[in-house]
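Below: one structure, written as structure tokens.
The values are calculated or read from the model by the stated rules, or taken from the named source; none is laboratory data. A quick note: this is a predicted structure, and the numbers were derived from the prediction, not measured. So basically every Cβ, Gly included, is an ideal-geometry build from the backbone, and we count neighbours across all protein chains shown. The area values use the complete protein model at the heavy-atom level, side chains included, leaving out ligands, DNA and RNA. Shrake-Rupley method; radii C 1.70, N 1.55, O 1.52, S 1.80 Å.
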Amino acid sequence: MTALLLHHPLVFYNKSLPKSPSITSIPKSTPPLGKKPTRKWALNCAATAGKEEDGGVLVGEERGRVDVVDYDWTEEWYPLYLTKNIPEDAPLGLTVFDKQVVLYIDGNGDLHCYEDRCPHRLAKLSEGQLVDGRLECLYHGWQFEGDGKCVKIPQLPANAKIPRSACTKTYEVKDSQGVVWIWMSHKTPPNPSKIPWFENFARPGFKDFSTTHELPYDHSILLENLMDPAHVPISHDRTDWSAKREDAQPLAFKIKERTDRGFSGWWGREADNSTPNFLKFEAPCNLQNNREIVDKDGVTNYFSGLFLCRPTGQGKSMLIVRFGSTKRSPLANLFPEWYFHQNAGKVFEQDMGFLSSQNEILMKEKVPTKELYINLRSSDTWVAEYRKWMDKVGHGMPYHFGHSTISMPTEAAVVEHAPAGFVASIAASSPAKGGIGIKYAPNLANRYFRHVVHCKGCRSVVKSFEAWKNGLSVVAAVSVTFAILLNGRQWKALLLLATAVCMGGAYMCSTVVAMNTTNFIRTHRRL
């Protein structure tokens with residue numbers, strides 16, 4: 001398995017391009033010198049899908065009005081976090097659209113989720129701490145447990161009772177297949193049947209790499225990107241052996257079904273005349289890309305790329321990536337898991353610039369995507385299907401960008417600022433709070449903040465290699481000092497060799513830390 005497959009499993013590409021836009025012909029005669037041309041020069045760019053002059057290469061338009069179905073974004077289960085990465089010693093603040101929640105594990109090992117604000121003075125509970133398994137607000141020390149009931153207020157007189165109103169709003173959470181899901185509605189009871197179940201991940205012998213990334217663009221743009229195999233050879237050229245720009249080529253798509261909750265279908269390279277890859281999108285924001293391969297012994301092996309997206313506010317999203325199979329390449333066992341995680345981070349950084357700019361343009365233009373996109377049949381079929389699905393259900397979301405409909409956010413995004421001062425810098429050094437010292441201040445442009453703070457394994461790797469780098473640097477300094485002071489040639493040679501080895505080790509450790517915390521930069525870009 002390659003790290004690129006964590007992002008885009010089993011992908012092939014498109015070389016088919018639309019015809020050039022029509023331009024009015026230039027007259028052969030030129031006006032006399034000193035006079036301006038009387039003709040107005042115009043560029044006629046027809047981006048409307050399905051027109052005959054486009055040669056049938058564009059995704060067709062459906063006639064008639066848009067079908068609208070009942071939909072309430074709160075009556076869904078959203079992927080909150082990988083279960084294995086939930087901190088046991090601190091609360092975890094998360095968001096779904098514009099709703100802020102706090103997740104924590106109590107003294108009995110049970111998961112609880114509250115609205116992320118204290119009923120006393122609205123301070124964030126995610127900035128609090130766990131005391132004896134209870135969640136404590138750090139503003140005045142109010143403590144909460146279980147179903148959100150307040151069980152301690154330090155400022156109350158000895159015989160006073162805690163007010164019944166001193167409780168938090170709770171959310172239902174469930175752990176399923178290694179992922180914690182949250183039900184966002186307070187009006188409708190949780191519907192367990194809506195929790196997604198991924199069959200391949202329950203198969204005997206199925207193993208996966210799972211990783212989490214926080215990204216600076218809307219979840220709908222993220223999903224577009226994930227269901228777009230055509231961009232991989234260009235955007236991720238040579239990220240590993242599976243992506244080469246010369247492999248860009250037309251793709252074939254076959255839609256299997258469309259429902260009120262999504263769509264599914266098959267796809268593959270047009271040149272192969274086959275569609276071996278199965279893609280399924282399911283509400284609210286879950287995407288899987290599967291393939292079955294029968295080996296020479298007749299055994300069927302299952303491969304899955306699972307992408308669980310969570311909207312985290314305007315222009316922000318969080319993605320849980322899970323790539324696995326029932327048959328794993330022996331080569332994959334030679335690499336530690338952190339290597340695949342950092343390479344996945346590189347893949348997202350290769351996309352980040354133009355996806356962020358796409359988000360900016362959608363917010364600025366304020367028109368449906370059919371007015372802006374040119375969707376090719378041979379590359380963009382899934383993208384068009386997704387935006388058309390948005391037309392059906394977008395009315396039930398806080399905001400949406402559909403194919404032919406759009407609703408903009410009613411309120412501007414709230415920009416949060418990190419706390420300042422000496423105490424805040426100490427708090428930031430806690431892995432659960434988001435960094436190793438002030439070097440890694442919260443910033444979605446920073447790989448450490450986007451991934452490492454959400455991954456226990458990678459945090460441990462960075463911490464360990466930082467310690468080894470510092471230790472080896474000290475040993476190298478001591479060794480070279482003794483090499484200078486001692487007179488014996490043999491001792492000098494031995495100490496200098498030890499110095500070189502330690503410096504080499506420190507450099508390797510520094511490289512590993514940089515791989516986990518430094519963003520990818522395209523070499524052709526002018527800085």
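Per residue, the solvent-accessible area of segment 102-172 (1.4 Å probe, heavy atoms of protein chains only, all protein chains present) comes to 57 Å². Seen from all directions on average, segment 100-230 presents a Cα convex hull projection of 11.8 nm². The listed residues L334, L226, L372, L494, once ranked by accessible area (1.4 Å probe) with the largest placed first, stand as L334, L494, L372, L226. With the simple spin-label model, which puts each label point 7 Å out from Cα in the Cβ direction, the K194 to Q155 separation comes to 3.8 nm. Our coupling estimate for segment 97-112, obtained by passing each phi through the Karplus curve with A = 6.51, B = -1.76, C = 1.60 and θ = phi - 60°, is 6, 9, 8, 9, 10, 10, 10, 8, 10, 7, x, 9, x, 8, 7, 9 Hz, Gly and Pro reported as x.
Ordering A243, S220, P233 by the projection of their Cα atoms onto the charge dipole of segment 176-255, which places +1 on the Cβ of Lys and Arg and -1 on the Cβ of Asp and Glu, puts S220 at the extreme positive end.
For segment 241-375, what % of the accessible area comes from carbon and sulfur atoms, probe 1.4 Å? Mind dumping the intermediate values first?
Working: 3140 of 6260 Å².
So the carbon and sulfur contribution to the accessible surface is 50 percent.
Computed from phi, the 3J(HN,Hα) profile of segment 485-496 under the Karplus parametrisation 6.51, -1.76, 1.60 (θ = phi - 60°) reads 6, 7, 9, x, 5, 4, 5, 4, 5, 5, 5, 5 Hz, with x in place of Gly and Pro. Surface composition of segment 59-150: carbon and sulfur make up 40 percent of the accessible area, probe 1.4 Å. Of the trypsin sites (Lys or Arg not before Pro) found in segment 446-527, those that fall in a DSSP loop while having at most 14 other beta-carbon atoms within 10 Å are R522, R525, R526. Think of segment 108-201 as a dipole: +1 on every Lys or Arg Cβ, -1 on every Asp or Glu Cβ, centred on the Cα centre; then among C167, L135, W183, C167 lies furthest on the positive end. Placing unit charges on the Cβ atoms of the charged side chains and taking the dipole of segment 262-421 about its Cα centre, the candidate lying farthest along the positive direction among S407, Y339, N277 is N277. Amide H contacts under 5 Å for M227: none, restricted to partners 5 or more places along the chain or on a different chain, H placed in the peptide plane at 1.01 Å from N.
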